[in-house]
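J.: Sharing a structure below in structure tokens format, with a few things to ask.
The values are calculated or read from the model by the stated rules, or taken from the named source; none is laboratory data. This one's a predicted model, so the numbers in the text were calculated from it and none came from an experiment. For neighbour counting, all protein chains shown are included, and Cβ atoms are generated from backbone atoms with ideal geometry for every residue, glycine included.
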Amino acid sequence: MSDENNSDEITPEVISKDVSETNNLSKESKYNDNIEKTSEDLSKLLDLEKQKSSQFEEKLKHVLADFQNLSKKTQSDIEHGVNSKIDEFMLDFIKIYDDFIRAKEVISESKINADGLNSILKNMELLMQKYHIIPIEALGEIFNPTFHEAISIILIQL
């Protein structure tokens, strides 16, 4: 009693078709799940790399600031060293200038021609003016620390 129009019976073709569709849906679902999982993983990796990048950027900024500070400090130290040597040299130069002044006074008292010595003194004075070194009339005046500079101290016993 087999009737081909009997609706209770399922043909193998229909079962095969249904299974095939289910397999396709299952594969598609798995594929979509994999894509979502991969997308999430990539997003996490991207966020992690962004954090690392910002950390390295901060470190770079700190290192650059340290380098700039060191550069400024080194430049300042060099300028300070050069200026202190120039100051030291000029103090020694002033001592020699004072010796020439005393020599001129002795020569003038002896009534000897001091034209050469006067020329040397004039050159020395021009050099001191160039570096803004001017004589201060302080002999007999009270010491003023804002205006005068003490080069030595003489102890007087009373």
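J.: Checking ALA103 against (1) surrounded by 13 or more Cβ atoms within 10 Å (Cβ to Cβ); (2) at pLDDT 90 or above; (3) more than 23 Å from SER152 (Cβ to Cβ), only one condition comes out false. Which one?
T.: Of (1) surrounded by 13 or more Cβ atoms within 10 Å (Cβ to Cβ); (2) at pLDDT 90 or above; (3) more than 23 Å from SER152 (Cβ to Cβ), only one is false for ALA103: (3).
J.: How many residues, within the stretch 132-151, are more than 19 Å from ILE86 (Cα to Cα) and among the small types (Gly, Ala, Ser)?
T.: Residues that pass the stated criteria total 2.
J.: Same structure, new question: Is it fair to say ASP66 is assigned to a helix (DSSP H, G or I) and either under 25 Å from ALA150 (Cβ atoms) or of a type in the set (Phe, Trp, Tyr) (or both)? If you could, list the steps in order and put the result at the bottom.
T.: Numbers: assigned to a helix (DSSP H, G or I): yes; either under 25 Å from ALA150 (Cβ atoms) or of a type in the set (Phe, Trp, Tyr) (or both): no.
Judged against the criteria, ASP66 is not a match.
J.: Follow-up question, since we're still on this one. Which numbered condition in (1) part of a loop (DSSP other than H, G, I, E, B); (2) out of contact with any helix residue (DSSP H, G or I) (no Cβ under 7 Å at 6 or more places or on another chain); (3) not acidic (Asp, Glu) is the only one that ASN123 fails?
T.: (1)
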